[in-house]
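The values are calculated or read from the model by the stated rules, or taken from the named source; none is laboratory data. What you are looking at is a predicted structure, and each value in this text was computed from that prediction instead of being measured. Cβ placement follows ideal geometry from the backbone for every residue including glycine, while neighbour counts extend to all protein chains displayed. For the accessible areas, the whole protein counts, side chains as well, though only heavy atoms, and no ligand, DNA or RNA atoms are used. Shrake-Rupley method; radii C 1.70, N 1.55, O 1.52, S 1.80 Å.
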Amino acid sequence: MAKVTIDGFETEVPDGTTILNAARQIGGDIVPPAMCYYSTLKGSGGKCRTCLVKVTKGSEKDPRPMPKLVASCQTTVMDGMEVANITSEEVTKARAGVVEFLLLNHPLDCPICDQAGECSLQDLAFEHGAAGTRYEFDRRTFEKIDIGPYIKLHMTRCILCYRCVFVANQLTDQRVHGIIGRGDHAEISTYIEKAIENDFSGNVIDVCPVGALTDRTFRFKSRVWFLNPMDAHRDCPTCSGKAVVWMYGKEIYRVTARKDQNGEVHDFICNTCRFHTKSPDQWTIEGARQIDRHSVISQGHYSENAQTVR
Amino acid sequence: MGRKLLLEHAHVPGINTYEVYRKHGGYRSVEKALKSMTPDEVVEEVKKSGLRGRGGAGFPTGMKWSFLAKPEGVPRYLVCNADESEPGTFKDRYLMEKIPHLLIEGMITSSYALGANTSYIYIRGEYSWIVFILEKAIKEAYAAGWLGKNIMGSGFDFDLYVNPGAGAYICGEETALIESLEGKRGNPRIKPPFPAVKGLWQCPTVVNNVETIAAVVPIVNDGGEEYAKIGIGKSTGTKLISASGNINKPGVYEIELGVSVEDFIYSDEWCGGIKNGKRIKACVPGGSSVPILPHFLITKTAAGENRLMTYESLADGGFATGSMLGSGGFIVYDEDQCIVRNTFNFSRFYHHESCGQCSPCREGTGWMEKVLWRMENGQGKMSDIDLLADIAKKIEGNTICPLGDAAAWPVSAAIRHFREEFEWHVNEPKACMERNYGLVKEPVAAGV
Ligand SMILES: Cc1cc2nc3c(=O)[nH]c(=O)nc-3n(C[C@H](O)[C@H](O)[C@H](O)COP(=O)(O)O)c2cc1C
Ligand code: SF4
Ligand code: SF4
Ligand code: FES
């Protein structure tokens, strides 16, 4: 076990835990934002740099501070380590810089984007970003692409977190999708635009932190905050069958996997549950889903009005 | 005349063939190492020599070698980094083209020291013709018994392969190189783990520059102590310098570390002075990513001491008034050259070469290029100068690999030393489209 102090809060975690996960154990405002790390996807993280923190004391044994800011999702704790996140001006400045970089080429088309209300980039910009931009050039754009019948790719909105690539690698039988090109012209591609066709491809939609990958069976049907998220399950031969159905009245508008308080999915669901099971009598509705996140979707407080309680 | 250890026989006709190379003492280091030394003894000689990595970072090679993990039953690899893509650096190309056997000899001796039975030369795709030169040399070495099974009856088996990249600067970064060698997209890995523990195919791996590996040959032949006698302090031995820009004699030179920068630029032995009798304006001493030096900090340090061609002296004064030896890409600018244009050019390169994994480098490099383009084309604003410095600062230190730093440093340094030139571009939009901002209007320190 290692004792670690983050912004003055102390916690004890097993050896090998990352600073980010230690912070998540403490919870609250001191948890660094994570746009690319995803605990259930092996190898993810390290890329977006929003989770940078300052290690002010390396460990009990070697108390020297680390010279550079480190990615908290990649750096493991040492016994006696002290970390500054929101209490370090160096960190908050660097993070504001990262947010500016992430938004540089982003289209800011939230008013017409399906992800609005449950978008990590929106939350990040709201909490850590500046009101204006200093960028005065044309933004990079891409054509929209249909990845098969269920998924739409808006590359223009992508922040290249690579999560969907890890899903394609780790969840699906055979990767038909990856990243081509370099730098700010790099893009998600299904090579020769081959449709992703396997049982778990729909999960790329849930892991995508922005509106770059959206559900074609739900596009433009409703804003997410008008819907009523309900925990539901069914007997599914392919996946756990545990999902969230998003209802409007008696109708199911969309189906997603369940996300935890960090916005991460632990039980990935299959495409049959997600795209083809939209009649309420196919599901056992457990009750209203509590959305812990600060996004607009939690503003409805449906759980308080819900008929059935978990 | 300085001693030459690597390029001594570079001009001998036919030195690229096995017979001529062997006649001039080639493969002696393999004989010596395999017949009379243990692998650890070879590593010890390299440690004694004080050799530092010639790929840019200058990390002590002997120490790097001793970090290599040696778990039972797991193969180890040596990978030669011949990706050489840093603007201003072309020394590895010269060495491989002229004396390919020197690299191969170095690979055998070094692999013996590290206990690697298979090694790779990862060469940049644009050096397509050198692939054939190396492959021909490797064939000759196999035929002569220097490669293959049980070399010279020593029981040491060794195979060597050449692997061309597809042409990406980022594949020179050692972990991106390893990814590429494994057949994947050349994205740098997140460290730790370092290659010494988990490198190629997740096995312990050493990545060294072409010149570093070649230098092992004279070190084993003459002994590490003999090598360490050349040079000054922690900068031992000889270094290949790629000299380019507005000088009379551009080319690749092997110098003894410790030559003065003034001699290197003005002596006929090396650069032969500034072309057309012009004055020097600036110098990038170690490849495009190191900070640029203004004329008054090139031959003298800020403290007024003679600046020498060593790791320490070129870095004297830190980034405020110094630079780095880097990979030895020595670029000289005369009084007519425009620093803003040069900085734009470098920025365009780094934008093009960023792998795009991490947001500061992916987005920041493109942004800097666009702002610099606008400035160079008479559309800049005064606030752009601080904006550029701020973007560079937000990239630096916050990225996965050092390419982000390499993109930021030239911009910060150009603004630090040539701010008035950036301001001139903003104030004189028409003039900056018509001509470069040279030294013309600037007072020049006496004697430069
Ligand atoms: C973006 C980038 C490009 C690099 N390109 C090269 C290169 O072309 N050749 C090289 O030898 N080292 C290059 N390096 C340095 C390597 O990562 C590594 O440090 C070097 O190969 C180690 O060899 P050495 O210890 O012999 O110098 C590069 C580093 C970075 C960050
Ligand atoms: S499409 Fe979404 S999940 Fe995939 S890399 Fe882009 S932002 Fe990440
Ligand atoms: S710093 Fe640039 S080149 Fe290096 S990993 Fe990040 S995006 Fe890629
Ligand atoms: S979450 Fe750590 S770098 Fe993206």
Students often forget the sequence filter, so: which aspartates and glutamates lie under 13 Å Cα-Cα from A:LYS144 once same-chain residues fewer than 8 apart are removed?
A:GLU187, A:GLU193
Provide a list, ordered by number, of residues in region A:63-89 showing at least 40 Å² less accessible area with every protein chain present than when their chain is taken on its own, using a 1.4 Å probe.
A:LYS68
When we measure straight from the Cα of B:LYS278, which lysines land under 22 angstrom away, once same-chain ones fewer than 8 places off are left out?
B:LYS249, B:LYS300, B:LYS441
Computed over the Cα atoms of region B:132-184, the Rg and Dmax in Å are 14.5, 40
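Take every DSSP beta bridge with both residues inside the protein assembly as shown and express the antiparallel ones as a percent of the total, to the nearest 5. List each step's numbers first, then the result.
Numbers: 55 of 79 bridges.
Taking every DSSP beta bridge with both residues in the protein assembly as shown, the antiparallel ones total about 70 percent.
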Fluctuation leader among A:ILE151, A:ILE291, A:ILE112 - chain A, Gaussian network, Cα springs under 10 angstrom:
A:ILE112
For chain B: Kirkwood Rh in Å [reciprocal of mean 1/r, alpha carbons]
22.7
Added length on full extension, which subtracts the Cα-Cα distance from 0.36 nm per residue, B:THR38 to B:ASP263
76.9 nm
Using helices alone, I'd like the mean residue ellipticity at 222 nm for the protein assembly as shown: each DSSP H run of four-plus residues gives -39500 (n - 2.57), total over residue count, nearest 500.
-9500 deg cm²/dmol
Highest-fluctuation residue, A:PHE226, A:PHE200, A:PHE137 considered, GNM on chain A with Cα pairs under 10 Å:
A:PHE137
Using a simple spin-label model with points 7 Å from Cα along the Cα→Cβ vector, what separation in nm is obtained for B:HIS24 and B:GLU72?
4.7
On the first, second and third principal axes, largest extent first, how far apart are the outermost C-alpha atoms of chain A in Å?
60, 48, 39
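Keeping all protein chains in place, calculate the accessible area per residue for chain A (probe 1.4 angstrom), answer in Å². Walk me through the numbers before you get to the answer.
Numbers: 14050 Å² over 310 residues.
It amounts to 45 Å² per residue over chain A.
Go through region A:41-108 and name the GluC sites (Glu not before Pro) that are in a DSSP coil and have 13 or fewer other Cβ atoms within 10 Å of their Cβ. Could you put the intermediate results ahead of the total?
Values: sites: A:GLU60, A:GLU82, A:GLU89, A:GLU90, A:GLU100; in loops: A:GLU60.
Passing sites in region A:41-108 are A:GLU60.
How large is Rg/Rh for region B:232-334, to two decimals, with Cα atoms and a Kirkwood Rh? Could you put the intermediate results ahead of the total?
Working: Rg = 12.1 Å, Rh = 13.1 Å.
Expressed as Rg/Rh, it is 0.92.
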Have a look at B:TRP424, B:TRP270, B:TRP129 and tell me which one the Gaussian network model of chain B (Cα, springs below 10 Å) gives the largest fluctuation.
B:TRP129
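What are the DSSP H helices in chain B that stretch 20 Å or more along their long axis, judged by alpha-carbon atoms, and whose average Kyte-Doolittle hydropathy comes to at least -1.0? Show your work: numbers first, answer last.
Numbers: long enough: B:100-114 (21 Å, 0.79); B:128-143 (23 Å, 0.74); B:339-353 (21 Å, -0.77); B:359-376 (25 Å, -0.82); B:382-395 (21 Å, 0.54); B:403-427 (32 Å, -0.25).
Taking the DSSP H segments of chain B (at least 20 Å long, mean hydropathy at least -1.0), we get B:100-114, B:128-143, B:339-353, B:359-376, B:382-395, B:403-427.
Cross-link list B:LYS32/B:LYS229; A:LYS47/B:LYS198; B:LYS32/B:LYS234; B:LYS281/B:LYS381; B:LYS98/B:LYS281; B:LYS48/B:LYS139: which exceed 23 angstrom alpha carbon to alpha carbon?
Numbers: B:LYS32/B:LYS229 21 Å; A:LYS47/B:LYS198 20 Å; B:LYS32/B:LYS234 27 Å; B:LYS281/B:LYS381 25 Å; B:LYS98/B:LYS281 33 Å; B:LYS48/B:LYS139 33 Å.
Among B:LYS32/B:LYS229; A:LYS47/B:LYS198; B:LYS32/B:LYS234; B:LYS281/B:LYS381; B:LYS98/B:LYS281; B:LYS48/B:LYS139, the Cα-Cα distance tops 23 Å for B:LYS32/B:LYS234; B:LYS281/B:LYS381; B:LYS98/B:LYS281; B:LYS48/B:LYS139.
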Would you tell me the accessible area of A:PHE9, worked out with a 1.4 angstrom probe on the heavy atoms of the protein chains, in Å² to the nearest 10?
110
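Provide the buried accessible surface between chains A and B in square angstrom, both chains summed, 1.4 Å probe, rounded to the nearest 100. Don't skip to the answer; put the middle values down first.
Working: alone 15460 and 17910 Å², together 30570 Å².
Summed over both sides, the interface buries about 2800 Å².
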Would you mind checking the pairs B:LYS47/B:LYS239; A:LYS3/A:LYS61; A:LYS93/A:LYS259 and listing those with alpha carbons more than 21 angstrom apart?
A:LYS93/A:LYS259
Taking each residue of B:349-359 in turn, how many C-beta atoms of other protein chains fall within 10 Å of its C-beta, and what is the average?
6
Qualifying lysines (Cα of each under 16 Å from Cα of A:LYS221; at least 8 residues distant if same chain):
A:LYS152, A:LYS250, A:LYS278
With all protein chains modelled, accessible area of B:LYS234 [1.4 Å, Å²]
150
1.4 Å probe, heavy atoms, protein only - residues of region A:159-181 losing at least 50 Å² accessible area vs chain alone:
A:TYR162
On average, how many beta carbons from a partner chain sit within 10 Å of the beta carbon of a residue in B:184-197?
2
Of the accessible area of the protein assembly as shown, computed with a 1.4 Å probe and all protein chains kept, carbon and sulfur make up a percent value of 52
Within 10 Å of each Cβ in A:98-106, how many Cβ atoms from other chains are there, averaged over the peptide?
5
Keeping every protein chain present and rolling a 1.4 Å probe, give me the accessible area per residue for region B:194-313 in Å².
32
Please report, to two decimal places, log10 I(q)/I(0) for the protein assembly as shown at q = 0.05, 0.06 Å⁻¹ as given by the Debye formula with identical point scatterers on the Cα atoms and no solvent.
-0.30, -0.43
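Treat every Asp and Glu Cβ in chain A as -1 and every Lys and Arg Cβ as +1, leave all other atoms uncharged, and give the resulting dipole magnitude about the Cα centre to the nearest 20 debye. Before the final figure, lay out the partial values.
Details: 37 positive and 39 negative charges, 105 e Å.
Roughly 500 debye, rounded to the nearest 20.
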